[in-house]
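The structure appears right after this line, and notes come after that.
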Amino acid sequence: THLHEPAVLSSLQNRFDIDKIYTFTGPILIALNPFKMIPGIYDEQVLKGFITDKPSGKPHVFNTSNAAYRGICDRQKSQTVLISGESGAGKTETTKHVMKFLALAGSEDGAVTNVEKQVLESNPLLEAFGNARTLRNDNSSRFGKFIELQFRGGSKAALQTGMSGQNSRLCGARIRTYLLEKVRVCDQQEGERNYHIFYEACAAASTLSGSTTYNFPQVLSKEKVKAERTVDLEGFSDLSNFAYMTRSTCRTLKDVNDIEMFERRIAAMQTIGIDADDIQQILRVIAAVLHLGNTKFDAPPNNSEGSMVMQECASSIELAAKLTGVDRTALERSLCNQTRVTVRERICSPVNVRQASDNRDALAKALYGMIFDLIVVNTNNSIGFLPDVKLFVGVLDIFGFECFKMNSFEQLCINFTNERLQQFFNSFVFKLEEQLYEREGIPWDPLDFPDNQDAVDILQAKTTGVFAILDEECVVPQGSDQGFNNKLIKQHKGHRRFDEIRTKPTWFVIKHFAGPVNYCTDGFLDKNKDQLSNDIIECLGGSSNSFVQKLFQNDKKFADVLQKPEGGGQEPGKAPGGKKKKYTVSSEFKDQLSSLMDIVDLTEPHFIRCIKPNPQNEPDRYDRKGVTEQLRYGGVLQVVQVSRAGYPVRINHQECWDDYKVIATPQAVAGLKHVDDKKLRAQKLLEHLSTELSLPNPAHGLSWAVGKTMVFFKLAAFERLKFSRLELLIKSTTLVQAHWRRNLKMKAYKAALKHVRRAEAVIRLKQARLDLQRRRQQGAATKIQAFARRNSALRKYKAIYTKVVKIQAWRRGILGRKHAKEYKLYVSARKIQRQWRRYQDQKIYTILKKAIYVAQERLRLSVAKKQMQKLKKEAKEV
């Protein structure tokens with residue numbers, strides 16, 4: 001009941017984020033490509049762990065493989081593993097894992113037989129010729145394949161031939177291919193490549209200088225190859241020389257050595273038993289295809305409606321003719337002319353340049369297609385298909401649903417295949433449901449289940465189907481793509497699966513199970529015819545190269561041209577009524593698909609849907625929009641729709657009584673409580689609830705039914721019952737929870753109050769202690785601050801004092817020096833003054849002294865004179 005698109009998408013993303021790439025959705029295993037190596041997911045020990053008698057519930061490709069293997073071992077019933085998905089989703093790798101498991105599951109000692117080795121080696125060989133780089137994938141399979149792995153049980157005959165006891169042993173295989181994309185040989189989109197074998201052979205040839213002989217092996221070790229030999233690579237050269245390989249600028253693949261891969265292809269051919277001559281001839285035809293692509297045409301000077309090979313391309317067509325064993329002139333004539341056979345004569349008329357180019361491309365595609373078919377035939381012959389062994393496991397690696405901006409004939413065929421597979425899946429699920437309902441003995445209506453029969457009919461109906469109208473238009477003279485589209489619109493206008501696009505006269509719309517797809521009919525007729533002119537068939541069919549000759553003679557499409565009726569017998573290619581059968585791609589594909597579905601219908605199917613998580617091929621990136629489209633295109637969401645159809649909810653009788661008695665009235669419950677028959681009790685309970693709750697009745701069928709062991713509900717009835725029960729449970733639960741919560745809250749309140757009081761006392765004590773501690777800290781901090789401030793102030797004072805003393809000393813020095821200078825000047829002045837005064841005084845003193853001396857002399861003279869006179873006087877007196 002919870003299975004819907006958002007739930008599936010979310011579940012896948014959650015598992016993808018933790019590297020869980022496998023998920024079961026009903027009977028489908030979804031595999032997301034991680035674009036990285038996840039350690040331990042495919043180890044040998046993991047593989048052996050899945051080889052059990054009963055498949056486990058763990059989603060894994062080995063689990064699905066084991067379920068198929070146990071089906072042939074336990075039930076002796078053929079199985080089919082259907083693997084689908086878009087390009088780059090991991091189909092090829094998943095197929096390899098399935099084949100590896102099936103090849104090794106029945107072996108007790110893990111030894112690999114020659115059959116198993118050849119089956120495993122066939123994959124890389126088919127990849128070389130059928131895989132190419134696309135915008136979405138570096139190794140995209142451009143064809144579908146169905147591999148039948150034959151098993152022989154543990155019988156006496158098996159034991160005598162070395163088969164393991166209870167487990168079945170691989171004893172043979174066969175590969176069938178479908179719808180090879182031959183148009184890729186001639187044209188590729190930008191960013192894409194041609195088939196791998198072209199690039200690998202050219203890479204090997206580019207290593208040769210002046211020679212065409214390649215000594216094998218050169219890169220691989222000699223122990224890994226079956227035999228050493230020389231390979232003639234005549235016609236191959238550097239890939240830039242070929243038109244078919246330069247349509248796109250993409251030439252190489254990341255982390256791929258083309259030379260090593262070329263040697264691996266040769267080794268694989270040896271392993272599956274292709275002889276040396278055939279290997280050489282295969283490479284010659286591949287080289288011829290490349291040189292055909294280099295052949296260009298021009299109109300002759302005297303005929304604008306004719307064509308001829310351009311002179312500069314003469315060497316290319318010459319080499320192409322040589323490699324295919326035909327005459328160069330005959331090959332050019334077959335490409336540039338068309339022969340019409342009338343009752344009386346054969347009329348040969350030239351074709352224009354475009355038609356000649358189309359003939360060249362058609363021949364290149366036909367040659368490559370026949371080589372691919374030859375590889376498949378040789379692989380099957382080498383492996384060995386045992387007609388008497390009916391037990392097999394089929395592995396179908398088929399292209400997934402495609403919807404692009406431009407959808408052509410290839411997409412129509414691919415989507416038709418997926419439409420048939422989806423119909424088979426719906427039928428498979430329908431049968432499972434039908435068996436369950438019949439076993440339980442309940443009424444049911446097939447109209448409950450989705451059906452895409454009308455979508456299949458609009459495509460494959462014998463006279464009015466899209467393919468039938470296309471084949472008819474291919475036969476009609478002057479048939480055209482637009483005429484085909486007009487017939488479709490006229491035939492299917494108003495059909496719920498068909499629509500037209502009025503603004504595009506060559507487009508139509510088919511509403512598939514996965515959604516509507518717009519198809520452009522341009523080129524539909526040419527792709528459907530895919531025929532060579534009789535001139536080309538006769539030219540190549542008469543080749544001197546027996547290998548090429550057999551390619552054409554063994555192809556049933558060319559039998560009516562190359563083989564003549566003998567003895568009035570029926571002409572090849574004619575139906576028993578005498579009407580010539582027209583081979584077209586669509587009719588051949590429909591026959592192949594019908595044959596495939598006939599085989600699959602007789603087997604037990606297992607489904608694997610590969611999903612590409614993002615278009616950038618990056619690890620750990622999940623694009624929800626892209627994954628949703630792939631889930632829709634892969635039919636996974638159809639699984640959801642199928643699962644929700646019919647009676648999607650199933651429970652046993654006791655669970656029904658236990659779950660829904662609570663919403664019945666007490667009187668009804670009391671009356672049914674003592675009923676011993678659980679089925680009757682559930683029946684009566686649901687009848688009562690249908691009346692009480694007015695359970696919705698579907699448009700057809702019943703809303704519920706009581707089986708032998710289980711009770712089945714339609715989704716609407718189950719939702720009504722579940723909602724009513726849920727509503728009652730919510731009310732009752734709310735009341736119980738209210739009383740319970742009150743008691744809990746009261747106890748919690750009392751306990752909290754007691755604890756709060758104790759907590760308050762503790763907190764107050766703590767706060768008082770903290771307050772005291774704070775005060776102590778504050779007092780201590782104050783003292784510390786005081787001492788700190790004192791020390792800081794003292795340091796500042798001392799610093800300032802020192803600076804002031806320095807300033808004072810400096811100032812006093814200045815003043816002292818100034819005073820000393822002035823004092824010195826003063827002293828000097830005083831000395832000068834003293835000397836001057838001394839000199840003045842000395843001078844005065846000298847003068848005075850001299851004057852005194854003079855005065856004294858004069859005085860003494862005077863005194864002496866007076867004394868003299870006195871003496872003289874006295875003497876005279878005497």
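The values are calculated or read from the model by the stated rules, or taken from the named source; none is laboratory data. This is a predicted model, so every value here is computed, not measured. Cβ atoms come from the backbone with ideal geometry, glycine included; neighbour counts cover every protein chain shown. To get the accessible areas, we keep the full protein, side chains included, count just its heavy atoms, and leave off ligands, DNA and RNA. Shrake-Rupley method; radii C 1.70, N 1.55, O 1.52, S 1.80 Å.
Work out, step by step, the length gained on full extension between residue 77 and residue 37: first 0.36 nm times the residue separation, then minus their alpha carbon distance; give nm to one decimal.
Gain in length upon complete extension: 10.9 nm.
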| field | Only Lys, Arg (+1) and Asp, Glu (-1) charged, at Cβ; the chain dipole about Cα centre in debye | value | 15660 debye
| message | At 1.4 Å probe size, what's the solvent-accessible area of residue 732? Round to the nearest 10 Å². | response | 60 Å²
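Equivalent ellipsoid semi-axes for segment 728-878, as square roots of 5 times the alpha carbon gyration tensor eigenvalues: give them largest first, rounded to whole Å. Mind showing how you got there, number by number?
Details: eigenvalues 3449, 70, 7 Å².
Gyration-tensor ellipsoid for segment 728-878: 131, 19, 6 Å.
Just check the chain against the gyration tensor rule for me: Cα atoms, a ≥ b ≥ c as the square roots of the eigenvalues, rounded for a/c under 1.5, and otherwise prolate or oblate depending on whether a/b exceeds b/c.
It is oblate, given that a/c is not under 1.5 and a/b is not larger than b/c.
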| field | Accessible-area order (highest first, 1.4 angstrom probe) of the listed residues 674, 60 | value | 674, 60
| message | Rolling a 1.4 Å sphere over the protein heavy atoms, what is the accessible area per residue of the chain, to the nearest Å²? | response | 54 Å²
| query | How much of the DSSP beta bridge set in the chain is antiparallel, as a percent to the nearest 5? | reply | 70 percent
| Per-residue SASA entry for residue 230, accessible area with 1.4 Å probe, Å² rounded to 10 | 80 Å²
| request: Could you work out how far apart the two model spin labels at residue 318 and residue 709 are, taking each label as a point 7 Å from the Cα in the direction of the beta carbon, and quote it in nm? | output: 8.1 nm
| task | With r as the distance between the Cβ atoms of residue 739 and residue 662 and R0 = 22 Å, compute the FRET efficiency 1/(1 + (r/R0)^6) and round to 0.05. | result | 0.70
| remark: So the FRET efficiency between residue 624 and residue 327, C-beta based with R0 = 60 Å and rounded to 0.05, is 0.50
| query | With every protein chain present, what accessible area does residue 202 have (1.4 Å probe, heavy atoms only), rounded to the nearest 10 Å²? | reply | 0 Å²
| Pairwise label distance in nanometres, residue 139 with residue 480, each label 7 Å out on the Cα-Cβ vector | 4.6 nm
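Sorted by average packing, counted as other Cβ atoms within 10 angstrom per residue and highest first, what order do 380-391, 606-617 take?
606-617, 380-391
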| remark: Quick tally, 1.4 Å probe accessible area for 473, 434, sorted with the most first, runs 434, 473
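Taking 31 Å as the cut-off for C-alpha to C-alpha distance, list the pairs among 96/254; 431/493; 54/661; 224/365 that go past it. It would help to have the intermediate numbers written out before the result.
Working: 96/254 21 Å; 431/493 33 Å; 54/661 38 Å; 224/365 33 Å.
Those over the limit are 431/493; 54/661; 224/365.
Scan the chain and note any complete DSSP helix (H) whose C-alpha atoms cover at least 24 Å along its axis and whose Kyte-Doolittle average is 0.0 or more.
276-293, 353-383
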| request: State which entries of 36/625; 296/504; 405/529; 100/557; 58/612 exceed 29 angstrom in Cα-Cα distance in the structure shown. | output: 296/504; 100/557
| field | Value of [θ]222 nm, deg cm²/dmol, for the chain, DSSP H segments ≥ 4, -39500 (n - 2.57) each, nearest 500 | value | -18500 deg cm²/dmol
| note | Subtracting the Cα-Cα distance of residue 209 and residue 617 from 0.36 nm times their residue separation yields 143.1 nm
| query | On full extension of the chain, what length is gained from residue 810 through residue 345, given 0.36 nm per residue of separation minus the C-alpha to C-alpha distance? | reply | 153.4 nm
| said: Pairwise over distinct Cα atoms, reciprocal of the mean inverse distance: report the Kirkwood radius of segment 446-535 in Å, one decimal place. | reply: 14.1 Å
